[in-house]
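Student: My structure is below; once you've seen it, I'll send some questions.
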Amino acid sequence: MPGLQQGEANAVASGGGTAAEQSGQSAQPTQSGKAGPSGAAAASPSAASEESPPSALPALKPGSKPAASTPDKAAAQPGTGSRSAKPGSGGASTAKPDKDEGKYQYLTDPVPEGKPKPVEPQDTKINHKKALTATLSVSAATILNHMDQLNKDKLEVLPKDGVIYKAQKVTFYEGESVFDVLLREMKNNKIHMEFEMTPIYNSNYVEGINNIYEFDCGELSGWMYKVNGWFPNYGSSRYKLKDGDVVEWVYTCDLGRDVGDNSMAGGQQ
């Protein structure tokens, strides 16, 4: 599903930075109660330094739990932002990479013509002298249409309108990724977020935002992301932002179909 990631979970809620964060592996919001299939997680606050400009975080794996489209776990799970990852990962596909296409070494299906190619975090240089802007939003509104599937323990953390972070312009530095911006904004606004690193997809997987996790609204639920209306087939850590991009993190309860992405169900992007 969207935004899923693999690897050790990292979460941040608010407060001072942690050692893990300094090493580039921790997220802003604290692990505060992981719900859904993986259970609760402990909260450990961490905050971004205001004295030095934020730097790009190392690739974390896309979310690794449900299986949907643009999640943060690579390929088809929610949270990874990719086809064969779970929701929340916005990750890549499980198809074998083409031997002649080194750029697909992280199990990424060919990117549709005219769409941005993935940029590997380790090959990216952040230019802190060049600030750009993008629009970011985070919504779990689709859950409102699937309340019968929602984990009842999550009713208290679900906003009445489903909107966790309303659409607004945010500043980022040239070279930063979709994941970098989400992480920083969630931390700055003290919004819980948990993610994991998935080396095989070379990207982070977003397991939960605002204590709403993958599988919290059914086995096909999780976080996904889209940029300028497109659900990328690779993780959010590999999507290099451009000035003016519109980034939307959305929660799906049906492997992306309820948020406009049918690629996981055999449709076209």
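The numbers here are math on the coordinates, done by the rules we state, and not lab data. Quick caveat: nothing in here was measured; it's all calculated off a predicted structure. Positions of Cβ are backbone-derived with ideal geometry, glycine not excepted, and every protein chain shown enters the neighbour counts.
Student: For 163, 227, 138, 119, what ranking results if the residue with the fewest other Cβ atoms within 10 Å of its Cβ goes first?
Tutor: 163, 119, 227, 138
Student: Next question. Can you compute the radius of gyration and Dmax for region 136-205, using only the Cα atoms, both in Å?
Tutor: Cα only, region 136-205: 14.4, 43 Å (Rg, Dmax).
Student: Among 166, 125, what is the fewest-to-most ranking by other Cβ atoms within 10 Å?
Tutor: 125, 166
Student: Then there's this: Quick one: order 223, 249, 230 by neighbouring beta-carbon count within 10 Å, fewest to most.
Tutor: Fewest to most other Cβ atoms nearby, the residues stand as 230, 249, 223.
Student: Here's something else I'd like to know. Work out Dmax and Rg for region 107-177 from the C-alpha atoms and quote the Rg first, both in angstrom.
Tutor: When restricted to the Cα atoms of region 107-177, Rg and Dmax are 17.8, 49 Å.
Student: Take peptides 208-219, 139-150 and line them up by average Cβ neighbours within 10 Å, highest first, as a rough protection proxy.
Tutor: Listed from highest to lowest mean packing, they are 208-219, 139-150.
Student: Related question: Compute the length gained on full extension between residue 147 and residue 129: take 0.36 nm times their separation in residues and subtract their Cα-Cα distance, giving the result in nm to one decimal.
Tutor: 1.9 nm
Student: What is the percent of Cα-Cα separations in region 132-266 that go past 28 Å?
Tutor: Value for region 132-266: 12 percent of Cα pairs lie more than 28 Å apart.
Student: Show me the three semi-axes of the equivalent ellipsoid for region 164-217, from the C-alpha gyration tensor (sqrt of 5 times each eigenvalue), largest first, rounded to whole Å.
Tutor: 19, 18, 8
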